[in-house]
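J.: Before I ask anything, let me first share the structure, which is written out below as C-alpha cells.
Nothing in this text is a laboratory measurement; each read-out follows from the coordinates by a stated rule. In this text the structure is predicted, and so the values were computed from the model without any measurement. No Cβ is skipped: glycine too gets one built from the backbone with ideal geometry, and neighbour counts run over all protein chains shown.
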Amino acid sequence: MTDFMKGSRRFSTFVSAGAALFTLAMMIHAARPWEATSSLGWSVLAFAVWALSPYGALVFMAYRMTSSVSRSVVVLVASSLIASLAVISLVYAFFLHLHSTSGLVFLSLPVLQLIGCAITWMILTSMRTAEKI
C-alpha cells in the first residue's frame with residue numbers, strides 16, 4: 001500500500017468523521033434538548049442512526065475498497081463531495097433559511113447521501129471488475 005493510499009484513506013475517514021460530528025451537533029441544535037419539556041431520548045437515537053449511516057458507508061468503502069490508487073481517489077472525491085453536501089445543506093437549513101420544515105433535512109439528506117454512496121460503490125465495483133480482466 002502506497003503512502004498516497006494510506007493518506008487518502010485517513011483523509012476520507014477524517015472528512016467523514018468530521019461531517020458525522022457536524023451532523024450530530026446540528027441534530028442536537030435542532031432538537032434543543034435544553035428547552036424540551038419531555039425527554040427526547042430514544043426517538044432522537046433512531047434519527048441519529050439514520051442521519052449518520054452514510055458516513056459509516058463511506059468509512060467502510062475507505063477501508064475495504066481502496067486497493068489501488070485510482071480507487072483511493074474515487075473514495076476520496078466521493079467522501080469529500082458527500083460530506084460537503086451535508087455541511088452546506090445543514091448550514092443552509094438551520095442558519096441561512098430557517099423554516100418550520102428545516103428538520104426534514106435529517107430525513108431527506110441521508111437518502112441523497114446513500115444514493116451517492118451507492119453510485120460510488122458501483123464505480124468501485126466496476127473498477128475492480130475492469131482490473132481483473
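J.: In Å³ and rounded to a whole number, note down the convex hull volume per residue for the Cα atoms of region 69-109. Before the final figure, lay out each step's value.
T.: Working: hull volume 1.9 nm³, N = 41.
Dividing the Cα hull volume of region 69-109 by its residues yields 47 Å³.
J.: Using only the C-alpha atoms of the chain, find the volume of their convex hull and express it per residue in Å³.
T.: In the chain, the Cα convex hull volume per residue is 101 Å³.
J.: Where a ≥ b ≥ c are the square roots of the eigenvalues of the C-alpha gyration tensor, would you call region 45-104 rounded, which needs a/c under 1.5, or, failing that, prolate if a/b is larger than b/c, or oblate?
T.: oblate
J.: Okay, moving on. What does the extension gain come out to for Leu81 and Ala25, with contour length at 0.36 nm per residue minus their alpha carbon separation? Don't jump to the answer; show the numbers that get you there.
T.: Values: separation 56, 0.36 × 56 = 20.16 nm, distance 1.97 nm.
Full extension of this stretch gives 18.2 nm more.
J.: From the backbone phi of region 6-20, what are the Karplus-calculated ³J(HN,Hα) couplings (6.51 cos²θ - 1.76 cosθ + 1.60, θ = phi - 60°) in whole Hz, Gly and Pro given as x?
T.: 5, x, 5, 5, 5, 5, 4, 5, 5, 5, 5, 5, x, 5, 5
J.: Net charge around Phe4, counting only other residues with Cβ within less than 14 Å of its Cβ (Lys, Arg = +1; Asp, Glu = -1)? Walk me through the intermediate numbers first.
T.: Numbers: positive: Lys6, Arg9, Arg10, Arg71; negative: Asp3.
Cβ neighbours under 14 Å give a net charge of +3.
J.: Right, another one. Nearest 500 deg cm²/dmol is fine: what mean residue ellipticity at 222 nm does the chain get from its DSSP H runs of n ≥ 4 alone, each adding -39,500 (n - 2.57), divided by its residue count?
T.: That calculation yields -28000 deg cm²/dmol at 222 nm.
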